[in-house]
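What follows is a short report on a single structure.
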């Protein structure tokens, strides 16, 4: 039974996933790089071959026909991919692509997106149908009178009243966008940056970002398996008895500890009277009082929100949360599957031993040995003032 959607697992860790990556998006992003290179490399041999085989003109961006063509091959696949509006990678790529008009000799008037979010043929489809300049570049759609540009649009027939109204809207747009003498057309991606496969993947991940709190578990104060467990807990994906009961797998949903309340994630890890004792005792050892938050997420956020001047004490405080949550869950499993009992002091001592063991790989010098840390956990606030 899958605990987390594959789409979430694929997200980078900074966006709440596990960083597995999406190979489909990665492949599309790599193919788009050829589209970008076509626009920026002037006299490359491969570009001249593409222009010859696929009848590409000298425009800045490759031609992407609105109708499906019968030609096959890698370049046609790239064309189709860029054109496909249902592919998320294609939409993000085109949204971040920006054409800067120079003399207009390499930008197509109707086909390329050089004015607003859409190409002019998409904004004014009726005018595009009757245009005599469908594939013309901007420089061929008018001329300079001195320093001023004058548009000259040609039509197959006389425009209707409705088309004339659309023409007025088009001219309003064109009054704000026009060629510049003695300047080259340019293509940019994400402001002034060059195209990057990683940037494209990052932009797609932002649109699918999980709760930002989940991305903070990778602190390297606990083993990876414990951080993964915390990631699942913050996503609410642990297989508690209440969750398994809701899925029809278990008949009983009561808490393994108290046997009175439904065993939800918030309850078993925090709200149960048994779990509360563990949290209160360990927080007290570290010089803090503890009150029950509304949810486990809020508990995590409150615990991590405290500021510390001493770096070692901060790591001990954070690792205490990880170790306590982890040990409570292991105890729950031991009671459920091995018939063991709940012993408060044994659990608290196990938490301290876990923290002492983890501290061996921290990049901070401890003022005592790991065994002394576990034995004298309650004296930490006095030692690390």
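The values are calculated or read from the model by the stated rules, or taken from the named source; none is laboratory data. Because the structure is a prediction, the values reported are computed rather than measured. Here Cβ is always computed from backbone atoms with ideal geometry, including for glycine, and neighbour counts include all displayed protein chains.
When you scan the stretch 216-239, do you find a residue that is farther than 30 Å from residue 264 by Cα, more than 14 Å from the chain's Cα centre (by Cα), surrounded by fewer than 19 Cβ atoms within 10 Å (Cβ to Cβ) and without any contact (Cβ under 8 Å) to a residue 40 or more places away in the chain, even just one?
Looking through the stretch 216-239, none of the residues is farther than 30 Å from residue 264 by Cα, more than 14 Å from the chain's Cα centre (by Cα), surrounded by fewer than 19 Cβ atoms within 10 Å (Cβ to Cβ) and without any contact (Cβ under 8 Å) to a residue 40 or more places away in the chain.
Does residue 320 qualify as being in the same structural domain as residue 348 (by TED's automatic domain parsing) and within 19 Å of residue 264 (Cα to Cα)?
Values: in the same structural domain as residue 348 (by TED's automatic domain parsing): yes; within 19 Å of residue 264 (Cα to Cα): no.
The answer is no for residue 320.
Filtered by the rule that a residue be touching a residue at least 12 places away in the same chain (Cβ under 8 Å), in a helix (DSSP H, G or I) and buried (at least 17 other Cβ atoms within 10 Å of the Cβ), the stretch 35-63 gives 35, 36, 38, 39, 50. Being under 22 Å from residue 237 (Cα atoms) and in the same structural domain as residue 256 (by TED's automatic domain parsing) is a condition met by no residue of the stretch 341-350.
When you scan the stretch 106-126, do you find a residue that is under 15 Å from residue 156 (Cα atoms) and buried (at least 20 other Cβ atoms within 10 Å of the Cβ), even just one? Step through it out loud before you land on a result.
Here is the first cut: in the stretch 106-126, the ones under 15 Å from residue 156 (Cα atoms) are 125-126.
Among the residues that remain, those that are also buried (at least 20 other Cβ atoms within 10 Å of the Cβ) are: none.
Taking every residue of the stretch 106-126 in turn, none turns out to be under 15 Å from residue 156 (Cα atoms) and buried (at least 20 other Cβ atoms within 10 Å of the Cβ).
When residue 74 is tested against (1) surrounded by fewer than 16 Cβ atoms within 10 Å (Cβ to Cβ); (2) in the same structural domain as residue 179 (by TED's automatic domain parsing); (3) closer than 28 Å to residue 200 by Cβ, exactly one condition is not met: (2). Residue 303: in the same structural domain as residue 221 (by TED's automatic domain parsing), touching a helix residue (DSSP H, G or I) at 6+ places or on another chain (Cβ under 6 Å), in a helix (DSSP H, G or I) and in contact (Cβ under 8 Å) with a residue 40 or more places away in the chain, yes or no? No. As a summary of the residue check, residue 29 satisfies the conditions (1) outside any helix (DSSP H, G or I); (2) in contact with a helix residue (DSSP H, G or I) (Cβ under 6 Å, 6 or more places away or on another chain); (3) more than 30 Å from residue 234 (Cα to Cα) except for the one numbered (1). Of the helices (runs of 4 or more DSSP H) entirely within the stretch 150-253, those holding at least 3 residues that are within 30 Å of residue 58 (Cα to Cα) occupy 161-174, 197-207.
For the stretch 280-298, the condition of being buried (at least 18 other Cβ atoms within 10 Å of the Cβ) and under 32 Å from the mean Cα position of the chain (by Cα) holds for at least one residue.
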